[in-house]
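Colleague: Got a structure for you, questions after.
Read the figures in this text as sums done on the coordinates, not as results from a lab. Because the structure is predicted, anything quoted here is derived from the model rather than measured. Reconstructed Cβ throughout: ideal geometry from the backbone, glycine too, with neighbour counts over all protein chains shown.
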């Protein structure tokens, strides 16, 4: 029998992608378990959902650390207690240091709301609308030291509709993210 893979998910907010991953892991009987959900914000809504599912939760508040390096060291310690095979960033709104990223090289994933390599960074929906693009989407990629530039593992695409607003695009894309992210993770651990 294959050993169960440990997945640690990092969030900063509501955790809707995290919840989609947790549900898919349970419903599809992945050979994995969500070992922990860790947040840099004590009031992250996703922590309540995780706790209700019986998943250990940890808060490492970035504001309590004098530097990014000290925060990353504390975060790494918290993550490594759960011996992760995969570290999954799901709306984790922190830029991570190169040594942190290198510690999890090849096993840390992120989902980004654009069709990378287009529009790394913030405000992707606004950029798509400003450029007049016909298509928008989301990308799951391996995290590397260069922000939103790691190898692409999967993408989901949506049409940009006449009259779309940033909010409308974001909501429609999020529904696709909830399918894409679990699908990519499942393929990695299968």
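Colleague: State which residue pairs qualify: first residue without any contact (Cβ under 8 Å) to a residue 24 or more places away in the chain and inside the range 131-155, second residue outside any loop (DSSP other than H, G, I, E, B) and surrounded by 14 or more Cβ atoms within 10 Å (Cβ to Cβ) in any location, beta carbons under 6 Å apart, and separation of 6 or more residues or different chains.
Modeller: Every condition considered, the pairs that remain are 151/142.
Colleague: If you don't mind, another one. Every residue in the range 24-49 that is over 24 Å from residue 101 (Cα atoms) and either outside any helix (DSSP H, G or I) or in contact (Cβ under 8 Å) with a residue 40 or more places away in the chain (or both), please. Even if it seems obvious, please write down each step before you answer.
Modeller: Just the residues of the range 24-49 that are over 24 Å from residue 101 (Cα atoms), to begin with: 24-31, 43, 45, 48-49.
Once the filter is applied, which keeps residues that are over 24 Å from residue 101 (Cα atoms) and either outside any helix (DSSP H, G or I) or in contact (Cβ under 8 Å) with a residue 40 or more places away in the chain (or both), the range 24-49 yields 24, 25, 28, 29, 30, 31, 43.
Colleague: Go through (1) under 24 Å from residue 20 (Cα atoms); (2) in contact with a strand residue (DSSP E or B) (Cβ under 8 Å, 6 or more places away or on another chain); (3) surrounded by 15 or more Cβ atoms within 10 Å (Cβ to Cβ) for residue 135 and report which single condition fails.
Modeller: (3)
Colleague: Please go through the range 50-96 and pick out each residue that is assigned to a helix (DSSP H, G or I) and either in contact (Cβ under 8 Å) with a residue 40 or more places away in the chain or crowded, with 20+ Cβ neighbours inside 10 Å (or both).
Modeller: 50, 71, 72, 75, 78, 79
Colleague: Can you tell me which condition residue 45 does not meet? The list is (1) farther than 20 Å from residue 185 by Cα; (2) under 18 Å from the mean Cα position of the chain (by Cα); (3) buried (at least 18 other Cβ atoms within 10 Å of the Cβ), and all the others hold.
Modeller: Tallying (1) farther than 20 Å from residue 185 by Cα; (2) under 18 Å from the mean Cα position of the chain (by Cα); (3) buried (at least 18 other Cβ atoms within 10 Å of the Cβ), residue 45 fails exactly one: (3).
Colleague: Within the range 10-31, can one find any residue that is crowded, with 16+ Cβ neighbours inside 10 Å and at positive phi?
Modeller: Within the range 10-31, one or more residues are crowded, with 16+ Cβ neighbours inside 10 Å and at positive phi.
Colleague: Would you check if there is a residue in the range 156-172 being at positive phi, buried (at least 16 other Cβ atoms within 10 Å of the Cβ) and under 20 Å from the mean Cα position of the chain (by Cα)?
Modeller: No, there is no match, as no residue in the range 156-172 is at positive phi, buried (at least 16 other Cβ atoms within 10 Å of the Cβ) and under 20 Å from the mean Cα position of the chain (by Cα).
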